[in-house]
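Single-structure report; data block below.
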Amino acid sequence: WQDGLSNVVAPFDKLRVPLPGLQPIRKGECGEGIRVQIPPNSLVDQNGQPPVGNVDIAISTIDLLSPEQMPGDYTALTPDGETRVMQSWGAGYIEITDGFKHYNLAPGAIARVEIPVDPSQLAAGGVLDPTIPVLHYDEQNGVWIEDGIAFLQGNTYVTDVTHFSVINMDVLMVN
């Protein structure tokens, strides 16, 4: 099996060593992944115009065991400008388009995002923090930016966002 990036990956149902916390996925099911709740009439393009018709929403959960899926080098900036290294507990990507136009949340709009704790982190058996920093990836500067807090609900971190991008739930560590 390959993950689309030439990485050889064993399917979860064929792992030689069972990992605690990983549930077998039945054929045709994806398992838990990122979820987003977008309020009505809250999307706009770069000119502030709402979509005229239907939009396409691409959302994906990043597999932390496939490092090529995560942009950047795990460098993060705190709100006070300090550089840290992040350890991800779960990440996902949200993109909304209608052909060639990209849409994001209108100024003042807020969407709810839920990202499950990555199965590899659950398998490690560590304690899940009740709150965790939320980061988004700044593509222009190639760094993760801390911009919120997520709250643990079950094995999922929940946060409110003001824009869509690559979103990450992380513990920030000093180099």
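The values are calculated or read from the model by the stated rules, or taken from the named source; none is laboratory data. Here the structure is a predicted model, which is why all the values come from computation and not from measurement. Virtual Cβ from ideal backbone geometry, glycine too; neighbours counted across all protein chains shown. All accessible areas refer to the heavy atoms of the entire protein, side chains included, with ligands and DNA or RNA removed. Shrake-Rupley method; radii C 1.70, N 1.55, O 1.52, S 1.80 Å.
Take the solvent-accessible surface of the protein heavy atoms, probe 1.4 Å, and return the percent of it on region 53-175 that carbon and sulfur atoms account for.
53 percent
Provide the gained length on full extension for the span THR78 to VAL127, in nm with one decimal, where the gain is 0.36 nm per separating residue minus the Cα-Cα distance.
Length gained between THR78 and VAL127: 15.3 nm.
Quote the accessible area belonging to ASP147 in square angstrom, nearest 10, computed with a 1.4 Å probe and with ligands, DNA and RNA left uncounted.
For ASP147, the solvent-accessible surface is approximately 80 Å².
Please give the contour-minus-distance gain from PHE100 to ASN54: 0.36 nm per residue of separation, less the Cα-Cα distance, rounded to one decimal in nm.
That pair, PHE100 and ASN54, stretches by 15.3 nm at full extension.
Please give the contour-minus-distance gain from ASN47 to ARG35: 0.36 nm per residue of separation, less the Cα-Cα distance, rounded to one decimal in nm.
1.7 nm
Quick check on region 44-175: what are the equivalent-ellipsoid semi-axes from the Cα gyration tensor, as sqrt(5λ), descending, whole Å?
With the √(5λ) rule applied to region 44-175, the semi-axes are 26, 17, 14 Å.
Which loop chymotrypsin sites (Phe, Trp or Tyr not before Pro) in region 55-111, with loop taken from DSSP, have no more than 10 other Cβ atoms within 10 angstrom of their Cβ?
Sites meeting the loop and neighbour criteria: PHE100.
Give the share of C-alpha pairs in each 5 angstrom bin for region 47-120, from 0 to the last occupied bin, in whole percents, shortest bins first.
That works out to 3, 11, 17, 17, 18, 17, 11, 5, 1, in percent per bin.
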